[in-house]
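The values are calculated or read from the model by the stated rules, or taken from the named source; none is laboratory data. Note that the structure is predicted; figures quoted are calculated from it, not measured. Note that each Cβ is placed from the backbone with ideal geometry, even for glycine, and that neighbours are counted across all protein chains shown.
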Amino acid sequence: MIKPDPTCFLIADISGYTEYLSGVEIDHAQDILADLISTVVTALKPTFRLAKLEGDAAFCFAPTDKVDASLLLDAVERCYFGFRRRRRDVRQATSCECNACLRIPDLNLKFVAHHGLAITQKVAGRQELLGSDVILVHRLLKNTVVETTGVSAYALFSDALIGVMGIDPAELGMREHTEVYDHIGEVKVWVLDLERRWQEEDARARVFVSAADAVSSSSVGVTAPPQVVWEYLTVPGRRIGWQLGATAIEQEVPAGRRGVGMTNHCVHGADAIIEKIVDWRPYDYLTEESKMFADGPTLLTTIELEPTAEGTTVHFRFAQPKKAKDRQALQTMGPILNDALRAALAELATIAGPEGTARTDAAATDPALPGPKSPDNFLAGVQPIDFSA
């Protein structure tokens with residue numbers, strides 16, 4: 001008997017596509033859909049794997065023990081931000097004046113997410129996720145969110161998922177909502193307004209230590225994609241594996257989600273390094289203001305993830321401290337700090353690399369993404385999405 005596994009289900013659906021198809025040129029419309037779907041799936045991997053493409057939607061999943069509240073929310077929001085930029089870039093980059101190209105801004109993106117049980121079984125030669133919770137997450141696509149709330153770009157989370165992930169929905173500005181389905185009954189859900197999050201993210205000031213501004217820096221190459229490296233940098237249980245000398249990583253996390261305002265207590269025996277997150281751009285970089293023990297300097301540090309053909313280059317950069325006593329302390333302890341950091345980064349590369357390879361290999365069995373269908377492939381000249389823009 002096959003045992004069901006706890007699973008986090010996520011469907012990313014390009015909304016407005018049915019209306020968009022009416023009166024537009026089908027060849028360019030198909031290319032635009034293929035491009036946007038590819039953008040969405042690529043942004044969600046490897047935190048989520050693709051189970052199936054369903055027309056203008058992508059059905060994805062992740063084992064519950066491999067994702068937490070922060071990883072879920074970061075993946076969803078970053079995917080939406082990337083979709084918005086890609087939609088804008090495609091429209092601006094093409095000179096085509098057909099209706100399909102002119103109406104690209106009519107397309108939007110929504111998500112539904114649920115937690116439950118699923119079994120994996122081969123059906124007609126393909127691996128399929130099966131179970132009542134798989135049915136429920138698909139039923140959630142048909143909802144009254146737009147009519148009830150007026151929010152057209154959203155992520156809808158089932159209450160079951162909110163509970164398992166330990167999310168405080170009210171603290172994160174989510175709206176409570178209820179849907180009713182035949183043979184299922186009432187389903188309590190929470191709605192996150194992604195348009196509002198897009199505007200907040202766009203307006204938030206960046207705090208970033210560039211290579212030119214750094215007084216000290218260290219880098220390491222890791223054979224894992226940025227998403228996997230990000231997990232090792234930000235999830236306490238993973239960070240403790242490579243942060244040499246640390247006996248515990250304790251986090252104070254607002255609303256159960258890592259991000260700006262979060263504080264890390266990196267415990268080293270009787271002492272602790274206190275790190276306050278001042279900028280948070282998932283998979284691109286984070287910047288923290290850290291207090292090096294009780295009598296040590298206060299440092300501003302950016303950790304940037306640079307994608308490469310082999311995986312990721314991780315850059316640690318320290319800004320010149322503003323206070324004279326901190327500059328003096330950094331000058332004194334700088335060599336020791338750099339030696340410890342290089343050793344820790346080497347350990348990070350050692351443990352994150354194999355997992356990155358394994359997850360990349362597993363994703364290679366996912367369904368193939370669609371390619372362009374029109375002969376001229378008019379999107380070929382559009383640059384790949386830059387999620388850090």
Enumeration of residues in region 164-183 that are of a type in the set (D, E, K, R), over 15 Å from residue 148 (Cβ atoms) and surrounded by 12 or more Cβ atoms within 10 Å (Cβ to Cβ): 168
From the options 7, 18, 42, residue that is touching a helix residue (DSSP H, G or I) at 6+ places or on another chain (Cβ under 8 Å) and polar (S, T, N, Q): 7
Scan of region 298-335 for residues that are more than 24 Å from residue 265 (Cβ to Cβ), surrounded by 14 or more Cβ atoms within 10 Å (Cβ to Cβ) and small (Gly, Ala, Ser), ordered by number: 311
Among the residues listed as 304, 355, the single one being in contact with a Phe, Trp or Tyr (Cβ under 7 Å, 6 or more places away or on another chain), of a type in the set (D, E, K, R) and in contact (Cβ under 8 Å) with a residue 12 or more places away in the chain: 304
Filtered residues of region 42-79 (kept if surrounded by 22 or more Cβ atoms within 10 Å (Cβ to Cβ), in a helix (DSSP H, G or I) and β-branched (Val, Ile, Thr)): 76
Residue that is surrounded by the fewest Cβ atoms within 10 Å (Cβ to Cβ) [pool: residues in region 257-297 that are of a type in the set (Gly, Ala, Ser) and on the phi > 0 side of the Ramachandran plot]: 269
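So that you can scan it fast, the table gives a plain yes or no per residue for (1) in the same structural domain as residue 20 (by TED's automatic domain parsing); (2) among the acidic types (Asp, Glu); (3) farther than 13 Å from residue 9 by Cα:
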{"position": "63", "(1), (2), (3)": "yes, no, no"}
{"position": "72", "(1), (2), (3)": "yes, no, no"}
{"position": "82", "(1), (2), (3)": "yes, no, yes"}
{"position": "89", "(1), (2), (3)": "yes, yes, yes"}
{"position": "103", "(1), (2), (3)": "yes, no, yes"}
{"position": "107", "(1), (2), (3)": "yes, no, yes"}
{"position": "123", "(1), (2), (3)": "yes, no, yes"}
In region 185-200, the residues that are under 18 Å from the mean Cα position of the chain (by Cα) and surrounded by fewer than 14 Cβ atoms within 10 Å (Cβ to Cβ): 196, 199, 200
Filter pass, residue 62 being within 22 Å of the chain's Cα centre (by Cα) and among the small types (Gly, Ala, Ser): yes
Search result, residues across region 174-203 that are aromatic (Phe, Trp, Tyr) and part of a helix (DSSP H, G or I): 198
Filter result for residue 161 (over 21 Å from the mean Cα position of the chain (by Cα), surrounded by 13 or more Cβ atoms within 10 Å (Cβ to Cβ) and either within 21 Å of residue 67 (Cβ to Cβ) or in the same structural domain as residue 107 (by TED's automatic domain parsing) (or both)): no
Single unsatisfied condition, residue 237 versus (1) under 30 Å from residue 152 (Cβ atoms); (2) in the same structural domain as residue 338 (by TED's automatic domain parsing); (3) loosely packed, with under 12 Cβ neighbours inside 10 Å: (1)
Considering residues of region 86-115 that are out of contact with any Phe, Trp or Tyr (no Cβ under 7 Å at 6 or more places or on another chain) and modelled with pLDDT of 95 or more only, the residue nearest to residue 2 (Cα to Cα): 115
Filtered residues of region 150-168 (kept if touching a strand residue (DSSP E or B) at 6+ places or on another chain (Cβ under 7 Å) and either among the hydrophobic types (A, V, I, L, M, F, W, C) or modelled with pLDDT under 95 (or both)): 151, 152, 153, 155, 156, 157, 160, 161, 162, 164
Residue that is in contact with a strand residue (DSSP E or B) (Cβ under 6 Å, 6 or more places away or on another chain), among the β-branched types (Val, Ile, Thr) and over 27 Å from residue 256 (Cβ atoms), where the choices are 120, 64, 39: 120
Considering residues of region 112-150 that are of a type in the set (A, V, I, L, M, F, W, C) and more than 21 Å from residue 186 (Cβ to Cβ) only, the residue surrounded by the fewest Cβ atoms within 10 Å (Cβ to Cβ): 124
